Amino acid sequence: MKRGKTEKRWMFQPAKSEKVKPTELEKKEISERCQPLVEALKKKYIKSKPNKEWSYLVDIYTSWYRSYFYFCEKSKSENPNRIQDEFDEKFARLTFTGKDCFDFSYFRHTGQWWLIAENVTLQECLKMIIENPNFQPIG
């Protein structure tokens with residue numbers, strides 16, 4: 001065999017699955033169904049008199065980006081050595097995969113999203129957030 005020549009082979013490459021995009025009506029409906037959980041998390045984690053020596057939560061909200069539905073937290077810092085006054089973090093992600101069907105992920109300390117469950121309903125996703133503190137704001 002001569003040097004410098006490479007052997008070529010045919011390889012099967014499966015087609016990429018087509019991403020399902022939610023309609024504006026579906027986005028609105030999903031956001032409304034999640035609002036009671038957001039309000040409950042606000043009551044639990046946002047303190048009326050926070051310790052201003054450290055950063056503290058000021059808001060919990062949801063947002064859409066393409067087919068991803070995020071649960072987010074907004075923190076504020078008043079420490080003189082702060083880098084930013086306010087910053088946002090996402091703590092849970094629901095990937096829309098079909099009508100009332102989601103992939104559920106949470107944001108790990110490593111800076112990566114970790115897939116927990118595939119093809120689950122919105123109600124099952126909300127139940128996982130309620131029952132497991134790993135899927136809730138850092139607070």
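What to note about this one:
- Count of the range 85-100 residues which are over 27 Å from Val58 (Cβ atoms), hydrophobic (A, V, I, L, M, F, W, C) and at pLDDT below 90: 0
- Scanning the range 126-139 for residues that are assigned to a helix (DSSP H, G or I) and modelled with pLDDT under 85 yields Pro133, Asn134, Phe135.
- Residue in the range 107-125 that is closer than 24 Å to Glu29 by Cβ, surrounded by fewer than 11 Cβ atoms within 10 Å (Cβ to Cβ) and either out of contact with any Asp or Glu (no Cβ under 9 Å at 6 or more places or on another chain) or at pLDDT 90 or above (or both) present: yes
- Every pair of residues 6+ apart whose Cβ atoms lie under 8 Å, when the first sits in the range 76-93 and is among the polar types (S, T, N, Q) while the second is assigned to a loop (DSSP other than H, G, I, E, B) and crowded, with 16+ Cβ neighbours inside 10 Å: Ser77/Ser55; Asn79/Ser55; Gln84/Ser77
- Residues of the range 104-125 that are among the polar types (S, T, N, Q) and not in a strand (DSSP E or B): Thr110, Gln112, Thr121, Gln123.
- Some residue of the range 75-84 being closer than 24 Å to Trp113 by Cβ and either of a type in the set (Gly, Ala, Ser) or modelled with pLDDT of 80 or more (or both): yes
- Test: residue in the range 105-123 that is within 19 Å of Ser63 (Cα to Cα) and among the acidic types (Asp, Glu): no
- Within the range 41-64, the set of residues being within 19 Å of Phe135 (Cα to Cα) and hydroxyl-bearing (Ser, Thr, Tyr) comprises Tyr45, Tyr56, Tyr61, Thr62, Ser63.
The values are calculated or read from the model by the stated rules, or taken from the named source; none is laboratory data. This is a predicted model, so every value here is computed, not measured. Ideal geometry is used to build each Cβ from the backbone, glycine not excepted, and the neighbour counts take in all protein chains shown.
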